[in-house]
1. Which count do you get for residues in the stretch 77-89 that are exposed (fewer than 15 other Cβ atoms within 10 Å of the Cβ) and either small (Gly, Ala, Ser) or closer than 13 Å to residue 36 by Cβ (or both)?
2. Out of all the residues in the stretch 37-53, is one or more of a type in the set (D, E, K, R), farther than 30 Å from residue 219 by Cα and in contact (Cβ under 8 Å) with a residue 24 or more places away in the chain?
3. Looking at the structure I just gave you, is residue 62 surrounded by fewer than 18 Cβ atoms within 10 Å (Cβ to Cβ), closer than 20 Å to residue 114 by Cβ and of a type in the set (Lys, Arg)?
4. Does at least one position in the stretch 195-216 carry a residue that is assigned to a helix (DSSP H, G or I), more than 27 Å from residue 112 (Cα to Cα) and of a type in the set (D, E, K, R)?
5. Looking at the stretch 80-170, what helices (runs of 4 or more DSSP H) fall wholly within it and have at least 1 residues that are of a type in the set (Val, Ile, Thr) and either in contact with a strand residue (DSSP E or B) (Cβ under 6 Å, 6 or more places away or on another chain) or within 30 Å of residue 195 (Cβ to Cβ) (or both)?
6. So which residues in the stretch 4-35 are of a type in the set (A, V, I, L, M, F, W, C), over 24 Å from residue 202 (Cβ atoms) and not in a helix (DSSP H, G or I), if there are any at all?
7. Quick one: would you say residue 105 is without any contact (Cβ under 8 Å) to a residue 60 or more places away in the chain, under 14 Å from the mean Cα position of the chain (by Cα) and not assigned by TED's automatic domain parsing to the domain that holds residue 217?
8. Taking the residues in the stretch 169-214 that are surrounded by fewer than 17 Cβ atoms within 10 Å (Cβ to Cβ) and of a type in the set (S, T, N, Q) as candidates, determine which candidate is farthest from residue 67 (Cα to Cα).
Amino acid sequence: MSDVHEEVQLNVTRAGTAIITLNRPDKHNAFNADIIARLSDIFETLRANEQVRIVFLRGAGKTFSAGADLEWMQAAADWTHSDNVEDALGLANMLRRLHELPQVTVALVQGAAMGGGAGLMAACDVAVAVKDAKIRFSEVRLGLTPATISPFVVRAIGPRWAKALFATGESFDGTFAEKIGLAQYTVESVDELDDMMEHLAQLAFGAAPGAVHAAKELVDAVAGQEIDDSLLHDVARRIADRRASEEGREGLSAFLEKRQPRWAQ
């Protein structure tokens with residue numbers, strides 16, 4: 001299945017791989033309100049597609065995403081405060097929809113990932129970056145703050161690095177992004193991004209879809225929580241639910257019978 005759009009493209013293979021491409025190479029794949037709305041709609045569509053097992057997000061041309069479109073930001077300077085709040089909520093909600101997708105989500109980063117582009121990296125489960133990629137939370141250089149992307153970035157890299165990089169606007173590469181947890185993998189060249197796509201797709205298709213979703217929710221539920229009786233009862237309930245689930249029973253049966261589970265066939 002393919003959904004052709006001039007500036008954001010969605011392609012879904014029969015096997016269940018979704019590839020979203022930001023397609024504004026002449027604008028360094030910067031986004032504006034229309035791009036954000038388009039991405040938000042795509043994420044909502046994919047949420048309901050049980051055939052899709054992994055979602056890749058990438059940029060056309062030499063850049064992943066330069067973040068916000070300059071013309072869009074310039075226009076926002078003349079909007080009312082309430083208009084600006086509503087506009088910013090569009091980006092925040094789009095990132096939340098990406099963050100909450102039940103499938104494995106992967107950002108494939110080459111060239112630059114600036115501001116909101118780095119926010120897209122943080123909102124995905126996995127980011128793969130070319131080692132010489134240029135990444136920056138550049139908002140302070142424009143007199144702004146990375147407010148709408150901050151919940152996802154702080155979760156990804158922690159408050160200490162977030163404060164340092166937000167406050168300085170310092171540029172860093174893919175290797176450094178991996179060091180701080182913004183990227184999980186680095187590769188030497190753009191061509192190797194395709195190899196990582198294949199590797200991660202194989203991993204995703206070997207995992208039970210419902211268990212993937214539950215595992216993602218598990219991380220959000222336990223992160224930052226005190227390890228007390230309440231949390232222990234919650235995680236015990238979660239594993240009990242999975243053991244009793246159809247996937248849990250199928251996974252155990254397949255293991256004992258030394259065969260592939262249904263979702264991996």
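The values are calculated or read from the model by the stated rules, or taken from the named source; none is laboratory data. These numbers come from a predicted model, not from an experiment. Cβ placement follows ideal geometry from the backbone for every residue including glycine, while neighbour counts extend to all protein chains displayed.
1. 5
2. No: zero hits.
3. The answer is yes for residue 62.
4. Within the stretch 195-216, one or more residues are assigned to a helix (DSSP H, G or I), more than 27 Å from residue 112 (Cα to Cα) and of a type in the set (D, E, K, R).
5. Qualifying helices (runs of 4 or more DSSP H): 150-168.
6. If the condition is that a residue be of a type in the set (A, V, I, L, M, F, W, C), over 24 Å from residue 202 (Cβ atoms) and not in a helix (DSSP H, G or I), then 4, 8, 22, 30, 31 are the ones that fit.
7. Criteria met by residue 105.
8. Selected residue: 202.
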